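None of the figures in this text is laboratory data; all of them are computed from the coordinates on show. Here the structure is a predicted model, which is why all the values come from computation and not from measurement. Here Cβ is always computed from backbone atoms with ideal geometry, including for glycine, and neighbour counts include all displayed protein chains.
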Amino acid sequence: MVFKRVLGSLGVGGPVVDTVLDREPVRPGGVVRGQVRLRGGGRACDIEHLTLELVARVEAGHGGEERAGGVVFDRLRLSGGFRLDTREHRDVPFTLHIPWETPLTELSGQPLGVALGIRIELASAGAKDHGDPDELIVRPLPVQEAVLGALGRLGFGLIAADLRLGHGPGTGQTLPFHQEIELTPAPRYIHDMNELALTLLTGPDGMEVVLEADKRGRPFSGASSPDTSSPAGSSSGGSFPGPSSPGKRLPGGPAALGRHTVSHEDLEHRDWIAEVDSWIQALIAARTAHTPRAGATTSGITAGTAAGTAGGMVAAGLGDALGNLGSLGDLDDLEGVEGLEGLKDLKNLRNAGHEEAGQG
């Protein structure tokens, strides 16, 4: 074991600190358990406090340029003052609750380029110092997989999944930043939009879905049609086809914004492909009517089609469109996430959906 040294303001010969995570990856709203291992240095040290911090690398635009920096979005104080003697070994266990709005770092095993970490803040003699962050991997909740899977099956392609400083308009966002997932349009919508921006804000009761259709004249060559012989993106293990190379520039036009609310419950009773497609069509209709912002739409848990048809569609959307969604088979990861324990039967639902499709 190689420990991360806390030097700098605490001085050479100070304590040595390491964070050991018992379990990862995690999902939004879940917990991370582990321990902080302290090893005394060449002299005794009075520790004023020991704190865990969740940090994210966030982009902020200034004058047309983007600047990256670390943003602390949650803190857990582990202990108050104590004395760490010379060469003393001390382990401090912890349980860290991950905020519901924590952004995703991975989708179907594919890294999204989002940097999250857990780091230690140690204060001694009026000075504070930080250890190096330990990487935190965050996978989507089933309701996030449902929406992303439907977009993948519709033919949308992943461009990026950046973290943006600031609050999205008209949302219940609580963190100082939000994740914006940028997508190329599905082939049928190439002439209607240049780009689709997606934000998924989860909470204990459900998720806010914010969609923005952008047509501001950026270069775009058009996404290729998905391979219908296999689930969209599944050959590479990802959710979406790869981004297109720059090409023709689409004419500019107003952006349209739509908001929807979905529940964590009854995922299997919704035709996600049809529902998400209706959201996209509403965005296009809003721009056609020269409406800068589409009105907010709330989708209750009763929306969707009957369980027989929707079950097969959701099974395809969750199990196939996200490509090798072995994560659905690992729903034990949801242990400790309030209200989501009942989703462990989704894997069986996916298999039933494939059998139903075969019989049809």
task: Mind listing the long-range amide H neighbours of Ser79? Cut-off is under 5 Å, sequence gap 5 or more, other chains count too, H placed in the peptide plane at 1.01 Å from N.
output: Leu50
- prompt: Mind ordering 180-187, 87-94, 142-149, 263-270 by average Cβ neighbours within 10 Å, highest first?
  reply: 142-149, 180-187, 263-270, 87-94
- prompt: Under the definition of Cα pairs under 8 Å and six or more residues apart, what whole-number percent is the relative contact order of segment 82-159?
  reply: 23
